[in-house]
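The values are calculated or read from the model by the stated rules, or taken from the named source; none is laboratory data. Nothing here was measured: the structure is a model prediction, and the numbers come from that model. All Cβ positions, glycine included, derive from the backbone under ideal geometry; neighbour counts span all protein chains shown. Areas reflect the complete protein model, heavy atoms only, side chains present, ligands, DNA and RNA absent. Shrake-Rupley method; radii C 1.70, N 1.55, O 1.52, S 1.80 Å.
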Amino acid sequence: MRATSATIHLGALRENLRRVRELAPGARVMAVVKADGYGHGLERVARALEGADAFGVAGIADGQRLRAAGVSQRIVVLSGHDEAADLAEMRRLRLDTVVHSDAQVDLLAADADPRPLRVWLKLDTGMHRLGIAPERARDVHARLRALACVEPDITLMTHFANSDVFDDAMTTRQVERFERGVSGLDGERSLSNSAGVIGWPEAHGQWVRVGGALYGISVVAGRIGADFGFRPAMTLATRLVAVNRIRKGEHVGYAAAWQAPEDMPIGVAAIGYGDGYPRHSDGATPVLVNGTRALVVGRVSMDLVTIDLRRHPDAKIGDPVVLWGRGLPVEEVAAHAGTIGYELTCGVTRRVRFVEDA
């Protein structure tokens, strides 16, 4: 059996939720579980985070999966409804919809079903991706409140573009734009993502929407989740399937991209880009062999990586190799690959065996 596995630490998920509540004691927590729970498994994550007040998903299909798994909390479709048929399915599944465009308001206005839906009204305060302009918030809010198919309690929300920079003026401006836009309007407020929870306590509002932090992944460049009291929820690991000795000057891997500086041992581990391990790195990506650091050398192939074992003279076939997780922050590996930890965990493929650790 292929040795590659992703261990999901359910206790870490629960502890990270507790840490979020500690950082934002006055707010309810929406656990964002899009992208299959950031690659950790949607249903698995939802079970572990049963203490969350709501779940945030990217689309209706995730809401279907969560309801089928027995999840009873509020589920918010963060992209909202796209067509008239979506509204009937949202009612059936008791999903909240996010309204960020006039077209979505028009769909609601044309809906003949009087059963009201819960709505979140999204303002674009500077992200310039989705949202109503703040100066139009009052008119759109009034139009929604006038519809029989909309619950009167509308939550008002926005999304930060640069909240991971804690002294950045852009987030301050976004908060100010939001407050001007919603001034005098009834409804709970939701501004903060993971970085907002950590660095912008004045912007917590009544709801925080937390993704990466729940999985123990840092949202701040150059920092790891542990710096803010979060624990990694995934450990990706495999084993050595070969230990070879090569001579000085010999090359390793495709395109002969790496050359041995001396006679040395090379380990071969059962992991590759077919498993979601990043193919592109800066040539100094760390792994743990028997709990001690080593470096990946040569090009990552689809199924295998090669490892410099000069500091591991006793390494042998079958020894464990950790690619990221406990003992090796995913943020560090991501930095060597020119990406972020979110992309790595989301990219773990289904041929990897997933196991749970309570």
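Rank-order 10-23, 101-114 by packing density, defined as the average count of other C-beta atoms within 10 Å over each peptide's residues, highest first. Could the numbers behind the result be given before it?
Working: 10-23: 19.1, 101-114: 14.8.
Ranking, from highest mean packing down: 10-23, 101-114.
Based on the Cα coordinates of segment 270-326, what is the per residue volume of their convex hull in Å³?
Taking the convex hull of the Cα positions in segment 270-326, it is 81 Å³ per residue.
I need two numbers for the chain: Rg to one decimal and Dmax as a whole number, Cα atoms only, in Å.
That works out to 23.4, 78 Å for Rg and Dmax.
Would you mind pulling out the separation of the Cα centroids of segment 148-175 and segment 184-239, in Å?
14 Å
How many times 2.2 N^0.38 Å is the alpha carbon radius of gyration of segment 176-330?
My calculation over the Cα atoms of segment 176-330 gives 1.46.
On a straight-distance basis, which lysines could pair with LYS34 in a cross-link, Cα separation under 21 angstrom, same-chain partners fewer than 8 positions away excluded?
LYS122
Taking amide H atoms as placed 1.01 Å from N in the peptide plane, list the residues 5 or more away in sequence, or in a different chain, whose amide H sits under 5 Å from that of LEU121.
When sequence neighbours closer than 5 places are left aside, the close amide H contacts are VAL99, THR155, LEU156, MET157.
List the residues, sorted by chain then number, that are 5 or more residues from LEU240 or on another chain and whose placed amide H is less than 5 Å from its amide H.
The list, which skips near neighbours in sequence, is GLY318, ASP319, VAL321.
How many Å² of accessible area per residue for segment 1-59, probe 1.4 Å? Walk me through the intermediate numbers first.
Working: 2040 Å² over 59 residues.
For segment 1-59, the solvent-accessible area averages 35 Å² per residue.
From the residues VAL165, ALA226, ALA3, which one has its Cα farthest along the dipole of the chain in the positive direction, the dipole being from +1 and -1 charges on Cβ of Lys/Arg and Asp/Glu about the Cα centre?
Of the options given, the answer is ALA3.
Using alpha carbon centroids, what distance separates segment 36-108 and segment 288-358, in Å?
33 Å
Tell me, Kirkwood radius of segment 213-265 from alpha-carbon pair distances, in Å?
On the way: mean 1/r = 0.0685 Å⁻¹.
By the Kirkwood definition, the hydrodynamic radius is 14.6 Å.
Under unit Cβ charges (Lys, Arg +1; Asp, Glu -1), what dipole magnitude, rounded to 20 debye, does the chain have relative to its Cα centre?
It works out to roughly 880 debye.
State the percentage of accessible surface on the chain attributable to carbon and sulfur atoms; use a 1.4 Å probe and exclude ligands, DNA and RNA.
On the chain, the fraction of accessible area on carbon and sulfur atoms equals 50 percent.
Could you give the length gained by full extension between ALA110 and ARG353, i.e. 0.36 nm per residue of separation minus their alpha carbon distance, to one decimal place? Intermediate values should be presented prior to the final figure.
Numbers: separation 243, 0.36 × 243 = 87.48 nm, distance 4.67 nm.
Residue separation times 0.36 nm, minus the Cα-Cα distance, leaves 82.8 nm.
Can you give me the distance in nm between label points at THR292 and ALA58, each placed 7 Å from the Cα along the Cα-to-Cβ direction?
It works out to 4.1 nm between the two label points.
Would you mind estimating how fast segment 226-307 diffuses translationally, via Stokes-Einstein at 20 °C and 1.002 mPa s with the Kirkwood radius over Cα pairs, in µm²/s?
The Stokes-Einstein estimate is 156 µm²/s.
Applying a 10 Å radius around every beta-carbon, put 339-346, 262-269 in order of their mean neighbour count, most first.
Order by mean packing, descending: 339-346, 262-269.
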